[in-house]
Structure formats: C-alpha cells, structure tokens
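Enquirer: The structure follows.
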Amino acid sequence: MKWGIALLGDFKEHVRFLDTTLRDGEQTPGVSLTPEKKLEIARQLDKLGVEVIEAGFAVVSEGESKGVKLIASEGLDAEICSATRGVIRDIDIAIACGVDSVNIIVPVSDLHIEQKLGKTREEVIGMMEKAVIHAKDHGIITELSTEDGSRTDMDYLKTVIRHALDVGCDRIAPCDTVGILTPEKSYGWFADLRKEFPDAFFSVHCHDDFGLAVANSISALMAGADQVHGTINGIGERAGNASLEEIAVTLRVLYNVKHSVKTEFLYETSQLVSRLTHMHVQPNKAIVGKNAFAHESGIHTHAILRNPLTYEAIDPELVGAVRHIVSGKHAGSAGLNSSLEDMGLAPSEEEFSEILRVVKARGDDGERVTDADLLDIARDVMSLEMVNPLNLEEFIVTTGNKITPTSSVKLRLNGDSFIEAATGNGPVDATLNAVNKAISPSARAILDTYSVEAITGGTDAMVNVEVRLRRGDRLVTAKGVNEDIVMASIEAYLNGMNVLLLQEEHPEKRWTVKK
Ligand code: MN
C-alpha cells in the first residue's frame, strides 16, 4: 500500500534510461542532424548519465551510419545502440559501426504484419529469431522492440517474447507505437508481462499522441519495467516520445526512485537539443520550458521571494535552471522592488509607485517588459544619468552566397576598447559570436534564448529581438527593436549585458541625478 492503493508490482530499485533523442527523436518531421551535431548531443547525453544512447538507425543513410560510428568510437561511458529492422543487413551495418547493442524493431500487430510487411505471424517470429541469433553470435547486446505491441493480440505478443528470450535476447521493449495506452492499461499490460516473464528485462517505449506518454511510462515502471525510453524535450514522430526530463524528475521528486540521470544537466541538455534540432521548446513545457521557473503575478512573486516552496514544486537548481521574476501588468511591489534592488536602484516611495504604474501600463498595452526595459523606466522616472558599462563602437558583417558570414565588432567596456572578429551560421550568429568574444571571458554570458518577430509586415518591417542572457545564477531579459535584424540583435544583447554588468558591479558609482 506504498502508493495509497493496492498495486501488484513496484518500481525497480534502480530505473535505467535509454535515450532515443538521436533515433526516434531525430525521426521528427523536418529534423535532420549531421553526424557532428549528433556527436555533440551524444556527449551531452553521456554527461547527463543515461545508460544507453540510441545513436541512430545505421542502415538509413551514409550520414546516419557515419554518425553512429562517430558516437560509438568516442569512448563514452554509455552503451551505444543502433536501431535495426529484423534484417541481417541492418544488423551487419550496425555492427560495422562499432555499436555495443542493437535495438531490433519488429512489428507484431496483425495490422503491421499484414499491411506493412505482408508476412504471417510465424514468418515474423522466424525473422526476429534469425536477427537476434545473428546479433548475439557477434557478441552484441540485443533489445527487441515489439513495434505496435499495444495493439497486438496478447497471446501472440507473449509467444514472440518467449521465442526471443529462448534465443538469448537480452531485453524486450513492448512499444506503444501510436500512443494509445492509458496509465491503467500500461500498468496492467506490464504487470501481465512481468507475471508471465518474471526474470525478463523490460523496457517501456511510449508515444505522446494523447499527452500520456510520461504517465504511461511511469505506470509501466511502477509495474516493474526495468528501463524507460525517452527523448529530450519529448521530440519524436507526430506528437513525440515520452519526455526524458519529465520522467527523470518525476521519478526523483514525486516517487523517490533511484536512477543515474544527473538532473542538474537537464536544462542545458534541453537547450542544446532545441538549438541543434531547431525544435523550439514551448515556454510552458514542464521542467525545461522558459516559463517553468518564471513568476510574474504579484501574489506569487511576493510569496516566492519569502519562500520559493510556496509556488515551486521543483527547485530550479535541481534541473540546472534559474528562477526569474518577470515584470509586467501582473507585477506586484515585492517582485518589482527586488528586481530594482538587484540593479542597485533605491527609488523613493513616490518614484516606486510611478515605476510600478508605467510597468503595468506597458503590460496593459500588450508589451513584454524586459529587465532592460525596467532599467530604462526606472532611469526615466528617477531622472538618473546612466553610464552603460558596455557600448558598441563599430561593427561590420559580411554575408552572401558561398561565403562564411563573418563579423568584426569594436566594443567599449568600462572605458577600454576591444576588437574581435568571428564567423557564424548567419550574420546574427557571427556578430553575436564576435560580441561575446570581445567581452572578457570573466564577463561573458550565455545566450539562453533568442527570439525574433517582425512587428510590421513586409520586408521593411521593424523587428523585435528578445533575448534571455544567463550568467551563473543570474538571468536577465532584454530586447532590441530595429529595421536591421543584426542591429536589433546587438541592441538586445548589449542591453541585457548591461543589466547583468550593473547587477554585478557597484551600481551606485554609475548613477548621477540629472541636474
Ligand atoms: Mn517510437
């Protein structure tokens, strides 16, 4: 009765993670990673501590097998796996890439067997056995993914699993390929399989078509599954796979179940995957969304500042994120006061109510008030003359067809000039790289999020660039508005950097009251 209701099974002492961001996640429509980018993600996943990295589907293309090979030869701690079909050639190509294991995907529902493969149930078992035996003969760890398992006749599924175990298959992953399980069904399904095969190693593989992938995965683990398949940010085909970060934090915080995922690296892993796949994370996404630890409403911020537990179920530090108090129409005195204090500002009571009024008015107009905007508002209201620590003196960027975008910038930081040049994926990237290089390493910030929107239509539109910059446990927001997207980006970046620098230096030295 540990969970308040009578359950047949319980969690394993230690739950293992198989990350399939680079295989099922990469099968997301429109996502295609180069081998080098895959390697970058694999290194991060290894740092995160997952037991298995499914690095790709080696047979799919030359680039894909190159990526798997690159990852397998990196000497990572994690087991490196390639997906294969139940086909000897697939397994040979995976073995040639130097993998530790293969995830042999074999369809088992009648729908898939008849419509997709045009085979019989018996033929599928024969195919699966040959594949497993072939892999085992080459000393490779085998995991059998029974594709569309949740829509498969249970007796047949058990027959497939029995045959697989009989030929030495190491792990079985009954798959909810189209995401039709519910938490109760998932629990019942895995409890049944566990009862039938008490010593087998089971993985759970869920999809999020109904938004239940994480709940279904947790249910399966609760029924005694040994390992869970997930992807970072829940990316994957259609509505995606079960989100690895949500499962990892849920197991740790809500169920107190042991696993090896170093949750403090989840946020940076999410950011890396988002950046390299160009798949944006929705702001309200659990664990890793940019709003997951942001507070605006006056009532909430007031309480949060006294004790974060009042409105936070998860400590942001646990997942490597940072709490952020947002200014806007919902803002209250306590939150605003703490933001101003952080910038070294001490407005009079009168000035403070005027700052609050302007912030709320801007919010009412639909504007997002960034930290840099708040600084501007306060400066106006308090009639302060401000010397920005960081200023742009010059910049040039070249871009075009078949040339690498290159930018050079000259910055003035606390009276000294710094010139740097850098390249990038595009003119914005090149310029921000140059700006970042020019700022001394000790003062540099990480660009946490970058977003751009055209304010008016047409090619002559004004663009609004918003950034979140992070340094250590500090996070600031800023924007830049310009007809030129590169200028708007530099403005946003410098505005944000200036808030960060003001917060960390001795701001009182920078303020003088206008005569
Ligand atoms: Mn899948």
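Enquirer: Between Met462 and residues 5 or more places away or on another chain, which pairs have amide H atoms under 5 Å apart, with H built 1.01 Å from N, and which residues are they?
Expert: Those lying under 5 Å, H to H, from Met462 are Ile455, Thr456.
Enquirer: Still on this structure, I have one more. Please give the length that would be gained between Phe210 and Lys116 if that part of the chain were fully extended, namely 0.36 nm times their separation in residues minus their C-alpha to C-alpha distance (nm, one decimal).
Expert: 31.5 nm
Enquirer: Still on this model: Among the chymotrypsin sites (Phe, Trp or Tyr not before Pro) within region 3-80, which fall in a DSSP loop and have no more than 13 other Cβ atoms within 10 Å of their own Cβ?
Expert: Sites meeting the loop and neighbour criteria: Trp3.
Enquirer: To continue, here is another question. What is the sum of charges around Gly49, taking Lys and Arg as +1, Asp and Glu as -1, for the other residues whose C-beta is under 14 Å from the C-beta of Gly49?
Expert: Charge balance in the 14 Å sphere: -2.
Enquirer: Sort region 275-418 into rounded, prolate or oblate with this rule: let a ≥ b ≥ c be the square roots of the eigenvalues of the Cα gyration tensor; rounded if a/c is under 1.5, and if a/c is not under 1.5, prolate when a/b is larger than b/c, oblate otherwise.
Expert: Because a/c hits 1.5 or more and a/b fails to exceed b/c, region 275-418 counts as oblate.
Enquirer: Are there GluC sites (Glu not before Pro) in region 240-285 that DSSP puts in a loop and that have at most 11 other Cβ atoms within 10 Å, and which ones?
Expert: For GluC sites (Glu not before Pro) across region 240-285 that sit outside H, G, I, E and B with at most 11 neighbouring Cβ atoms in 10 Å, the list is empty.
Enquirer: Still on this structure, please answer the following. Considering only C-alpha atoms, what is the centroid distance from region 276-299 to region 322-345, in Å?
Expert: For region 276-299 versus region 322-345, the Cα centre distance is 18 Å.
Enquirer: Give me the net charge for the shell around His138: Cβ to Cβ below 12 angstrom, other residues only, Lys and Arg +1, Asp and Glu -1.
Expert: Here the charged neighbours net out to -2.
Enquirer: Give me the number: length gained by fully extending Thr398 to Ser417, i.e. 0.36 nm times residue separation minus the C-alpha to C-alpha distance, one decimal in nm.
Expert: 4.7 nm
Enquirer: Which GluC sites (Glu not before Pro) from region 410-469 combine a DSSP loop assignment with at most 13 other Cβ atoms within 10 Å?
Expert: For GluC sites (Glu not before Pro) across region 410-469 that sit outside H, G, I, E and B with at most 13 neighbouring Cβ atoms in 10 Å, the list is empty.
Enquirer: Related question: Can you tally the net charge around Gln227? Count Lys and Arg as +1, Asp and Glu as -1, for every other residue whose Cβ sits under 12 Å from the Cβ of Gln227.
Expert: -4
Enquirer: A further question follows. Explain nothing, just compute: Karplus ³J(HN,Hα) = 6.51 cos²θ - 1.76 cosθ + 1.60, θ = phi - 60°, for every residue of region 327-332 in order, whole Hz, x for Gly and Pro.
Expert: Ordered by residue, 3J(HN,Hα) equals 8, x, 5, 7, 4, x Hz.
Enquirer: Hey, how much of the P(r) for the chain falls beyond 44 Å, as a percent of Cα pairs?
Expert: Within the chain, distances greater than 44 Å cover 28 percent of Cα pairs.
Enquirer: Moving on to the next point. Can you give me the long-range amide H partners of Lys285? Hydrogens built in the peptide plane at 1.01 Å from N, cutoff under 5 Å, separation of 5 or more residues or another chain.
Expert: Lys290, Asn291
Enquirer: Another question, if that's okay. With unit charges on the beta carbons (Lys and Arg positive, Asp and Glu negative) and the dipole taken about the Cα centre of the chain, which residue among Tyr156, Gln115, Ser440 sits farthest to the positive side?
Expert: Ser440
Enquirer: Ok, one more. Please list the non-local residues whose amide H lies under 5 Å from the amide H of Arg16, H modeled 1.01 Å from N, same-chain partners needing a gap of 5 or more.
Expert: Gln227, Val228
Enquirer: Another question, then. Rounded to the nearest 20 Debye, what is the dipole magnitude of the chain about its Cα centre when Lys and Arg each give +1 and Asp and Glu each give -1 at the C-beta?
Expert: For the chain, the charge dipole is close to 300 debye.
Enquirer: If packing is taken as the mean number of other Cβ atoms within 10 Å per residue, what is the order of 286-294, 27-35, highest first?
Expert: 286-294, 27-35
Enquirer: Using the Karplus curve 6.51 cos²θ - 1.76 cosθ + 1.60 with θ = phi - 60°, work out ³J(HN,Hα) for each residue of region 207-224 in order, rounded to whole Hz, and write x for Gly and Pro.
Expert: Using θ = phi - 60°, the values come out as 10, 9, 4, 10, x, 10, 4, 5, 4, 5, 5, 4, 4, 5, 5, 5, 8, x Hz.
Enquirer: Please list, in order along region 14-31, the HN-Hα scalar couplings obtained from phi with the Karplus expression 6.51 cos²θ - 1.76 cosθ + 1.60 (θ = phi - 60°), rounded to whole Hz, x for Gly and Pro.
Expert: Each residue of region 14-31 in turn: 9, 8, 9, 10, 10, 8, 10, 3, 7, 10, 5, x, 6, 6, 4, x, x, 9 Hz.
Enquirer: Then there's this: Kindly flag which residue pairs out of Lys69/Lys116; Lys38/Lys479; Lys37/Lys402; Lys12/Lys262; Lys285/Lys329 have an alpha-carbon separation exceeding 27 Å in this structure.
Expert: Lys69/Lys116; Lys38/Lys479, as the Cα separations exceed 27 Å there.
Enquirer: Would you be so kind as to identify which of Ile41, Thr231, Thr177 lies farthest towards the positive end of the dipole of region 14-277, taking Lys and Arg as +1 and Asp and Glu as -1 on Cβ and the Cα centre as origin?
Expert: Final value for the positive-end residue is Ile41.
Enquirer: Quick one: check the C-alpha center-to-center distance for region 488-502 versus region 66-92, whole angstrom.
Expert: Rounded to whole Å, the Cα centres lie 44 Å apart.
Read-outs: derived from the displayed coordinates by stated rules, not from any lab. None of these values were measured; they are calculated from a predicted model. Heads up, the Cβs are rebuilt from the backbone with ideal geometry, glycines too, and the neighbour counts pull from every protein chain shown.
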